[in-house]
Amino acid sequence: MRSSLGFNVLRTTLVFIGCLTGYFLWSLKDRMADRTLDYFLSRGKIKRRDAAEVRWEHAVNSRRRLTEALSGPAHMMEADVLMRGRDPREPIMAHPPHTDGDITLREWLQEVKALGVGIKLDFKSLDAVSPSLVLLEKEEEVLSRPVWINADILSGPGGRAGPLDPEAFLSAVSSLPADTVLSLGWTTGWTAGTENPGYSWDDVRAMEATCRRLKHPVTFPVRAALLARSVSQLSWLLQQSDR
């Protein structure tokens, strides 16, 4: 690991976060994790091969938000996916505690494929994964762009929500194209005015064991508020990659 790790961690955090989440790249084969930059650079969407150039829109979970996001300068669209809580049961764009929304994943994909943007789908329920991937795999035009698939698959510091089952989730996404980025995180929590624990050695060792045999490039979404307490642990995790 280069001595510039601290700088890279800081810049990566600033680039990919809303205000709470940073992404750490782990590339297991060649330089596939660089496809996101390569895609936008080759199309003149960014000027430098620098992650700081990539603009994100987060929580694009409604028709209004999607219209706003697609009319703006963002390169990547992030949205949450879960199964509708009533009939017809199908993947929709919504974040818990909501169980319904005004746009389905099928409709969302049709809208985003009209523009050359990348996507990040954040799965909030395991039952939404397989039917969502069926829809995604039919959209060759979307799959030709940067695609990130996110889920919290392990319990982490302060996490109260249950993670998605890691074996079931990773089995479901294994059929995706090899350059699809898997964004694999921990459930976490944070309380103002208290001593919040960082990511423990058990947390990062469990994640390394989970990712060890994966063939896809991986990112680790982490809560930025916990970084200062987790530098040694997250540095070790990054060092396990051949990137």
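Throughout, read-outs are computed from the coordinates displayed, never taken from laboratory work. Because the structure is predicted, anything quoted here is derived from the model rather than measured. For neighbour counting, all protein chains shown are included, and Cβ atoms are generated from backbone atoms with ideal geometry for every residue, glycine included.
Could you list the trypsin sites (Lys or Arg not before Pro) in segment 34-92 that lie in coil according to DSSP, counting only those with at most 15 other Cβ atoms within 10 Å of their Cβ?
43, 47, 48, 49, 55, 86, 89
Taking amide H positions as placed 1.01 Å from N in the peptide plane, with prolines and chain starts having none, which residues 5 or more places from residue 80, or on another chain, fall under 5 Å of its amide H?
60, 94, 122
Stretch residue 209-residue 141 to full length: gain in nm at 0.36 nm per residue minus the Cα-Cα span?
21.1 nm
Could you give the length gained by full extension between residue 165 and residue 239, i.e. 0.36 nm per residue of separation minus their alpha carbon distance, to one decimal place?
24.1 nm
Using helices alone, I'd like the mean residue ellipticity at 222 nm for the chain: each DSSP H run of four-plus residues gives -39500 (n - 2.57), total over residue count, nearest 500.
-9000 deg cm²/dmol
Can you tell me the dipole magnitude for the chain around its Cα centre, using point charges on the Cβ only (Lys, Arg +1; Asp, Glu -1), in Debye to the nearest 20?
About 660 debye.
Can you give me the Rg/Rh ratio for segment 143-227, using Cα atoms for both radii and the Kirkwood formula for Rh?
Here Rg/Rh amounts to 1.01.
Given the chain, what whole percent of its Cα pairs are spread farther than 34 Å?
Above the 34 Å cut-off, the chain has 12 percent of its Cα pairs.
HN-Hα J couplings of segment 198-209 from phi, Karplus 6.51/-1.76/1.60, θ = phi - 60°, integer Hz, Gly and Pro as x?
Working through the residues one at a time gives x, 6, 8, 4, 4, 4, 6, 5, 5, 5, 4, 5 Hz.
What residues have an amide H closer than 5 Å to that of residue 159, excluding those fewer than 5 places away on the same chain, when H is modeled at 1.01 Å from N in the peptide plane?
189
By DSSP, what percent of the beta bridges with both residues in segment 5-239 are antiparallel, rounded to the nearest 5?
Antiparallel: roughly 35 percent of the beta bridges in segment 5-239.
Show me, for segment 153-169, the HN-Hα J-couplings you get by feeding each phi into the Karplus relation (A = 6.51, B = -1.76, C = 1.60, θ = phi - 60°), rounded to Hz, glycine and proline as x.
Karplus values, whole Hz, x for Gly and Pro: 10, 9, 6, x, x, x, x, 10, 6, x, x, 5, 4, x, 5, 5, 5.
Amide H to amide H, which residues 5 or more places from residue 183 or on other chains are under 5 Å from it, using H placed in the peptide plane?
Under 5 Å from the amide H of residue 183: 149, 150, 151, 219.
Can you compute 3J(HN,Hα) from phi for each residue in segment 219-226, using the Karplus curve 6.51 cos²θ - 1.76 cosθ + 1.60 with θ = phi - 60°, rounded to whole Hz and x for Gly and Pro?
My calculation for segment 219-226 gives 10, 10, x, 10, 6, 4, 5, 9 Hz in order.
Subtract the Cα-Cα distance of residue 89 and residue 194 from 0.36 nm times their separation in residues, and report this length gain in nm to one decimal.
Contour length minus Cα-Cα distance gives 33.7 nm.
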